[in-house]
Protein chains: 2
Amino acid sequence: MAEKEKMCCDSKEIHEDLLKIVNATMPPETELYDLAELFKVFGDSTRIRILFVLFEAEVCVCDLAEVLNMTQSAISHQLRILKQNKLVKSRREGKSIFYSLADSHVRSIIAQGREHIEED
Amino acid sequence: MAEKEKMCCDSKEIHEDLLKIVNATMPPETELYDLAELFKVFGDSTRIRILFVLFEAEVCVCDLAEVLNMTQSAISHQLRILKQNKLVKSRREGKSIFYSLADSHVRSIIAQGREHIEED
DNA sequence: TAAACATATGAATAAATGTTCATATGTAAT
DNA sequence: ATTACATATGAACATTTATTCATATGTTTA
């Protein structure tokens, strides 16, 4: 028996210890999935650009589209994703809808990202 | 003339001010692209899981594959992406190659992400 | 040198994703 | 009410991406 046992890297004990530690510290599947989902939102340069605009001001869809030189539809689709993930919030004023940052994590996450890419 | 002028949201002045501010604060295209590229790396639950293992220990490819219950090939492909983006580094020891975290931003970026998804 | 092991990698496939186009919804003005 | 304006949204298309499979590279052992 034990023929199907994979004894990876000739180190069975270390491997078992690792398993224990990982099982104890790894967040549940749903959280890992949500985390990946969140970072996916930051993983598109159009959305990043939208966020940078919103760092400076509360802006309506139309202005976002013009400032970023993209169609209203493209911007609107991306705003929906940003909003679903609670990175931005919106407010209606007449015909326009103004978007702004939803919370401070957005700034710090992007700041950390910039730090990372700016080291050599 | 001026027929093609888009006077978005009936507010030409505000819009021009916005343009100035945005042009002054928006990072260059290349940086925006690199930023998005970096976050894309975090935007996959397999890579997130790899990082969580590496939070605990320096681990070889084979152990990663077994702990995460994935094929060696799949893990290896993802490690390549993590390494290209300088989130992990590697070290050879005999036949095995051990991976570990490359810098501290990885921890803080993921920490910020967790904070974000864990509010309400 | 040959065989076994650990890892890397190219090609193929399936799934996810961003933009465009057409159109729907909602609000204000005539 | 009808028209115009601002935004949202569904479908289609093109591109990207993660995994699998087969195989190559590199290291150790017999």
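The values are calculated or read from the model by the stated rules, or taken from the named source; none is laboratory data. From a predicted model like this one, the values you see are computed outputs, not experimental measurements. We place every Cβ from the backbone using ideal geometry, glycine too, and count neighbours over all the protein chains shown.
Kindly indicate the residue of the range A:70-85 that is surrounded by 15 or more Cβ atoms within 10 Å (Cβ to Cβ) and more than 9 Å from DNA strand C (Cβ to nearest atom) and also farthest from residue B:106 (Cα to Cα) among those meeting that condition. By that ranking, first place goes to A:79. Between A:41, A:22, A:88, the distinction of being more than 23 Å from residue B:102 (Cα to Cα), more than 9 Å from DNA strand C (Cβ to nearest atom) and crowded, with 20+ Cβ neighbours inside 10 Å belongs to A:88 only. Residues that are within 13 Å of the chain's Cα centre (by Cα) and crowded, with 19+ Cβ neighbours inside 10 Å do not occur anywhere in the range A:55-69.
Selection of the range A:62-80 for residues being more than 10 Å from DNA strand D (Cβ to nearest atom) and touching an Asp or Glu at 6+ places or on another chain (Cβ under 9 Å) yields an empty set. In the range B:93-106, the residues that are closer than 17 Å to residue B:76 by Cβ and modelled with pLDDT of 95 or more reach residues that are surrounded by 14 or more Cβ atoms within 10 Å (Cβ to Cβ) and among the polar types (S, T, N, Q) with C-beta atoms within less than 8 angstrom, at least six apart or across chains, in these pairs: B:97/B:90; B:98/B:90; B:99/B:90; B:100/B:90. Flag: residue B:52 does not match the condition of being buried (at least 16 other Cβ atoms within 10 Å of the Cβ), within 11 Å of DNA strand D (Cβ to nearest atom) and assigned to a helix (DSSP H, G or I). Checked against the criterion of being of a type outside the set (A, V, I, L, M), within 13 Å of the chain's Cα centre (by Cα) and surrounded by fewer than 13 Cβ atoms within 10 Å (Cβ to Cβ), the range A:95-113 has no qualifying residue.
Exactly one residue among B:47, B:107 is assigned to a helix (DSSP H, G or I), touching a strand residue (DSSP E or B) at 6+ places or on another chain (Cβ under 8 Å) and within 21 Å of residue A:23 (Cα to Cα), and that residue is B:107. Going residue by residue through the range B:84-93, is there one that turns out to be more than 16 Å from the chain's Cα centre (by Cα) and either within 12 Å of chain A (Cβ to nearest Cβ) or within 10 Å of DNA strand D (Cβ to nearest atom) (or both)? Checked the range B:84-93: at least one residue is more than 16 Å from the chain's Cα centre (by Cα) and either within 12 Å of chain A (Cβ to nearest Cβ) or within 10 Å of DNA strand D (Cβ to nearest atom) (or both).
Residues of the range B:16-73 that are of a type in the set (Asp, Glu) and in contact with a Cys (Cβ under 9 Å, 6 or more places away or on another chain): B:63, B:66.
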